[in-house]
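Trainee: Take this structure first; my questions come after.
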Amino acid sequence: MQFKSHHALKLYPGDYVFINFPNIDHLKELHPFSILNSVVDGTITLAIRGDGDFSRAVQHAKVGSKVLIDGGYGRFNPIIKQHPDDELVLVTGGSGIVPMISLMRGLPNRRITLYYSAHSKAGLIYQQEIETLAAQRNNLTVHIQQGRFFRSVPRDLIRPNVTYLLSGPLALGQSWQKQLLNNGINEERVYYEEFSW
């Protein structure tokens, strides 16, 4: 989606928006979608899987159709701004990767380590793009695998001056959140955004 230069939206990497198409039947209800790109040039790219009625129908909307966008929403950007010098450890599962890609693209000078897993190989969406991005940057380390990473968070991930951003299924978020807090990480440096759509 391309916007005019003076639009009212304030969008940041890692945000999500609600969209609807007021003139198209079956697309009038607001639905949330994560922003995939870095949001720097007046263009936003949304990741839409096509699993539900709305996301399947939106694939048939004509180019130029009127779309209403409400947002951005999400807490990743405010948390990052609170800790501007921290390394970021991003932990995500399945389609929760989308806001993390936006963050990686939007923060090219930040030291970032990504842990990304999914139940199946097919669930590892955008794997090639992530690996290409990591190959271009020496401050981006990515770990991608099918299945759970750890039964418990390794000690070398528990260190000062790190902000931990979690995105994905409830079990993943709660497990990492609990383990990080139990290992003495300050709760203001751990944020989980449930990703259930």
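Trainee: State the number of residues belonging to the stretch 142-171 that are in a strand (DSSP E or B) and either open to solvent by 60 Å² or more (accessible area, probe 1.4 Å) or not hydrophobic (A, V, I, L, M, F, W, C) (or both). Working first, answer last.
Mentor: Keep residues of the stretch 142-171 that are in a strand (DSSP E or B), which gives 142-146, 162-168.
Subsequent filtering for residues that are either open to solvent by 60 Å² or more (accessible area, probe 1.4 Å) or not hydrophobic (A, V, I, L, M, F, W, C) (or both) retains 143, 145-146, 163-164, 167-168.
Count: 7.
Trainee: Additional query: I want to confirm something. Restricting to the stretch 13-41 and keeping residues that are open to solvent by 60 Å² or more (accessible area, probe 1.4 Å) and acidic (Asp, Glu), which single residue is farthest from PHE76 (Cα to Cα)?
Mentor: Out of the qualifying residues, it is ASP25.
Trainee: Is the stretch 102-119 home to any residue that is in a helix (DSSP H, G or I), in contact with a strand residue (DSSP E or B) (Cβ under 7 Å, 6 or more places away or on another chain) and surrounded by fewer than 18 Cβ atoms within 10 Å (Cβ to Cβ)? Don't jump to the end; show me each part of the working.
Mentor: Keep residues of the stretch 102-119 that are in a helix (DSSP H, G or I), which gives 102-106.
When the remaining residues are screened for being in contact with a strand residue (DSSP E or B) (Cβ under 7 Å, 6 or more places away or on another chain), the result is 102-104.
Filter once more, so that each one left must be surrounded by fewer than 18 Cβ atoms within 10 Å (Cβ to Cβ): none.
Looking for residues that are in a helix (DSSP H, G or I), in contact with a strand residue (DSSP E or B) (Cβ under 7 Å, 6 or more places away or on another chain) and surrounded by fewer than 18 Cβ atoms within 10 Å (Cβ to Cβ), one finds none in the stretch 102-119, hence no.
Trainee: Then there is this: Return the residues of the stretch 30-41 that are part of a loop (DSSP other than H, G, I, E, B) and more than 11 Å from ILE19 (Cβ to Cβ); say none if nothing qualifies.
Mentor: The initial filter retains those residues of the stretch 30-41 that are part of a loop (DSSP other than H, G, I, E, B), namely 30, 36-41.
Matches in the stretch 30-41: LEU36, ASN37, SER38, VAL39, VAL40, ASP41.
Trainee: Quick check on the stretch 79-101: of everything there that is assigned to a loop (DSSP other than H, G, I, E, B) and of a type in the set (Asp, Glu), which residue is surrounded by the most Cβ atoms within 10 Å (Cβ to Cβ)?
Mentor: Here is the first cut: in the stretch 79-101, the residues assigned to a loop (DSSP other than H, G, I, E, B) are 83-86.
Okay, now just the ones that are also of a type in the set (Asp, Glu), so 85-86.
Details: ASP85: 8, ASP86: 17.
Looking at the filtered set, the residue picked out is ASP86.
Trainee: Scan the stretch 37-65 for residues that are hydroxyl-bearing (Ser, Thr, Tyr) and over 26 Å from GLY106 (Cα atoms) and jot them down.
Mentor: First pass over the stretch 37-65, keeping only residues hydroxyl-bearing (Ser, Thr, Tyr): 38, 43, 45, 55, 65.
Of everything in the stretch 37-65, just one residue is hydroxyl-bearing (Ser, Thr, Tyr) and over 26 Å from GLY106 (Cα atoms), namely SER65.
Trainee: How many residues does the stretch 42-73 contain that are open to solvent by less than 100 Å² (accessible area, probe 1.4 Å) and either assigned to a loop (DSSP other than H, G, I, E, B) or among the hydroxyl-bearing types (Ser, Thr, Tyr) (or both)? Steps first, answer last, please.
Mentor: First, pick out the residues of the stretch 42-73 that are open to solvent by less than 100 Å² (accessible area, probe 1.4 Å): 42-48, 50-52, 54-55, 57-58, 61, 64-65, 67-73.
Of the ones still in play, those that are also either assigned to a loop (DSSP other than H, G, I, E, B) or among the hydroxyl-bearing types (Ser, Thr, Tyr) (or both) are 42-45, 47-48, 50-52, 55, 61, 64-65, 67, 73.
Number of matching residues: 15.
The values are calculated or read from the model by the stated rules, or taken from the named source; none is laboratory data. Values in this document were obtained by computation on a predicted structure and should not be read as measured data. Note that each Cβ is placed from the backbone with ideal geometry, even for glycine, and that neighbours are counted across all protein chains shown. Just so you know, the surface numbers come from the protein's heavy atoms only, side chains and all, with ligands and any DNA or RNA stripped out. Shrake-Rupley method; radii C 1.70, N 1.55, O 1.52, S 1.80 Å.
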